[in-house]
Amino acid sequence: MRKRTKSKSPLDYAFRVLAHKDYTEKEMREKLLSRFSREEADECMEKLHGYGYIDDLKFAENFTASRLNSGYGPYYILPRLKQKGVFVDEGFIENTAHAKDIDIEGIMRDTGKKYLEKKSGEDRIKVRQKTWAFLMRRGFEGRMIDKLIEELFDESNFHSGC
């Protein structure tokens, strides 16, 4: 069993937890307040901002790129950022994707194709519905999904045996 180290200062604690993963301002403040007074937490947050260790926009960019590259769309990412205390809009997601050379439509297409590979042999109509629902849960826009479904289920492009 791992021995738990008790941090003597809020800054030591913050550095220790930041060594494992990035946090938003909201998340870090909550962590600090669970162990230290409000004054200590506020002072620590001010130092972390000054050192550049807490930057919600940089966090949002990295989180967005990571989730997009994992096959998730903007409508999956936005509420998760909001839960973490970062309020951005769909334009932010698109700008981040563009800046990091991420093709959202290409990712949706690849995610849809991988899903369809698992569904070969099933009823074609049900597979269409399930694919649409799957991509919607993944946070892609309905109109983009409709367009992709038509493309994937076009007789000349769809060869999975449905």
| query | Can you pull out the residues in the stretch 16-56 that are of a type outside the set (S, T, N, Q), under 19 Å from residue 85 (Cα atoms) and part of a loop (DSSP other than H, G, I, E, B)? | reply | 21, 22, 23, 52, 53, 54, 55
| query | If you check 136, 108, which single one turns out to be touching a helix residue (DSSP H, G or I) at 6+ places or on another chain (Cβ under 9 Å), in a helix (DSSP H, G or I), crowded, with 17+ Cβ neighbours inside 10 Å and not assigned by TED's automatic domain parsing to the domain that holds residue 23? | reply | 108
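Of these, 60, 41, which one is assigned by TED's automatic domain parsing to the domain that holds residue 82 and surrounded by 13 or more Cβ atoms within 10 Å (Cβ to Cβ)?
On the way: 41 fails: assigned by TED's automatic domain parsing to the domain that holds residue 82.
Being assigned by TED's automatic domain parsing to the domain that holds residue 82 and surrounded by 13 or more Cβ atoms within 10 Å (Cβ to Cβ) holds for just one of 60, 41, which is 60.
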| Matching residues in the stretch 19-54 - criterion: being out of contact with any helix residue (DSSP H, G or I) (no Cβ under 8 Å at 6 or more places or on another chain) and among the acidic types (Asp, Glu) | 27, 30, 39, 42, 46
| said: Please go through (1) under 26 Å from residue 93 (Cα atoms); (2) not small (Gly, Ala, Ser); (3) not in a helix (DSSP H, G or I) for residue 59 and return the number of the only condition it doesn't satisfy. | reply: (3)
| Which one of these does residue 81 not meet: (1) surrounded by fewer than 16 Cβ atoms within 10 Å (Cβ to Cβ); (2) within 24 Å of residue 21 (Cα to Cα)? | (1)
| query | Is there any pair with a first residue in the stretch 66-80 that is farther than 13 Å from residue 92 by Cα and touching a residue at least 12 places away in the same chain (Cβ under 8 Å) and a second that is among the β-branched types (Val, Ile, Thr) and buried (at least 21 other Cβ atoms within 10 Å of the Cβ) whose Cβ atoms are under 7 Å apart and which are 6 or more apart or on different chains, and what are they? | reply | 67/77
| remark: If you go through 72, 76, the only one that is in a helix (DSSP H, G or I), in contact with a Gly (Cβ under 8 Å, 6 or more places away or on another chain) and surrounded by 13 or more Cβ atoms within 10 Å (Cβ to Cβ) is 76
| query | Among the residues of the stretch 4-15, is any among the small types (Gly, Ala, Ser), in contact (Cβ under 8 Å) with a residue 24 or more places away in the chain and either assigned to a helix (DSSP H, G or I) or in contact with a helix residue (DSSP H, G or I) (Cβ under 6 Å, 6 or more places away or on another chain) (or both)? | reply | yes
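The values are calculated or read from the model by the stated rules, or taken from the named source; none is laboratory data. Please read these numbers as outputs of a predicted model, since none were measured by experiment. A quick note on method: Cβ atoms are made from the backbone with ideal geometry, for glycine too, and the neighbour counts reach across all protein chains shown.
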